[in-house]
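Since every read-out is calculated from the coordinates, none of them should be taken as a lab result. On a predicted model such as this, the values are computed, not experimentally measured, just so you know. So basically every Cβ, Gly included, is an ideal-geometry build from the backbone, and we count neighbours across all protein chains shown.
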Amino acid sequence: MTDTPTTTDAAPVDAVPADAAADVSAGAGVSTGVGARSGPHPGRRSRSSRASRVRLAVVGIVLAGAFVALLVKGLGGSLDYFETVDQAVAHKTMLGGQTFRLEGLVVAGTVHRSGSTVQFVAAGTIHRIAVVNYGSPPQLFQPDVPVVVVGHFSGAVFISNQIIVDHSAQYIEEFPSRVRAPNGTTR
């Protein structure tokens, strides 16, 4: 017998089948070491990673809810800047003794000063409310001037500790005599 090589149809040991070669060229089964997962289910995330994401989502939702609640509570009071006399009379039982801002026109002939206390009547379009203010009223406080008073109801009387007289340029132009202080100055 001679040692002559013979030809066989068997594939060489280091050869790769054609369908496996296509998978390898497409990246299947090839690990680069970056982001590769190993184990029985390489496509699934670990439980701890999933639990961390769920916890993070829950914390985010709770924080967002707390932020919205604070925003609504903080802005809620400032959205309703004041109650008019008519609104306050209509909502008197609901307002009870809570502090709020009341807007009305100071009725002429009703202003009575006694030391640092001022009593007057504030009028709306329909109703009137007696107001007792403890403290110094602003310089522009006078009859026929719209005011905002801060206080609460005590029976039929509105008890106040602050009077706000603030007029826009348009109001001053329209009613120049209404914004003159008792000493003759204008705003």
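Restricting the first member to the range 81-96 and to residues that are part of a loop (DSSP other than H, G, I, E, B), and the second to residues that are charged (D, E, K, R), the beta-carbon pairs closer than 7 Å and six or more apart or on different chains are 81/101; 82/101; 82/103; 91/83.
Would you please name the residue that is surrounded by the most Cβ atoms within 10 Å (Cβ to Cβ), looking only at residues in the range 119-138 that are out of contact with any Ser or Thr (no Cβ under 7 Å at 6 or more places or on another chain) and more than 25 Å from residue 90 (Cα to Cα)? The residue in question is 137.
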